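Notes to accompany the following structure.
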Amino acid sequence: MIGTAAGFGTAPKLAAEKVWRLGDTPSGRAVFLALEPTALTGDGIIASLHQVALGSDITICG
């Protein structure tokens, strides 16, 4: 529902524990939603999100 309201054409996908990929902006930036701040504290989480985004720039909302 959040992804649709934000204008993303695909359904959100779980990218990591408690982190969802909402979709991509028209410029190609991958947008993620962290349900809890602690979801971003694990070792390598940012690198993992970059890998999921296939190297695109990322934005993380929380």
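Bear in mind that the values in this text are calculations on the coordinates, not laboratory data. These numbers come from a predicted model, not from an experiment. Glycine also receives a Cβ, built like all others from the backbone with ideal geometry; neighbour counts cover every protein chain displayed.
At q = 0.13, 0.23, 0.29 Å⁻¹, what log₁₀ I(q)/I(0) does a Debye calculation on the Cα points of the chain give, no solvent, two decimals?
Taking Cα atoms of the chain as identical point scatterers yields -0.29, -0.91, -1.35.
Sorted by packing (mean other beta-carbon atoms within 10 Å per residue), highest first, where do 37-46, 15-24 land? Walk me through the intermediate numbers first.
Working: 37-46: 12.0, 15-24: 18.7.
Descending mean neighbour count gives 15-24, 37-46.
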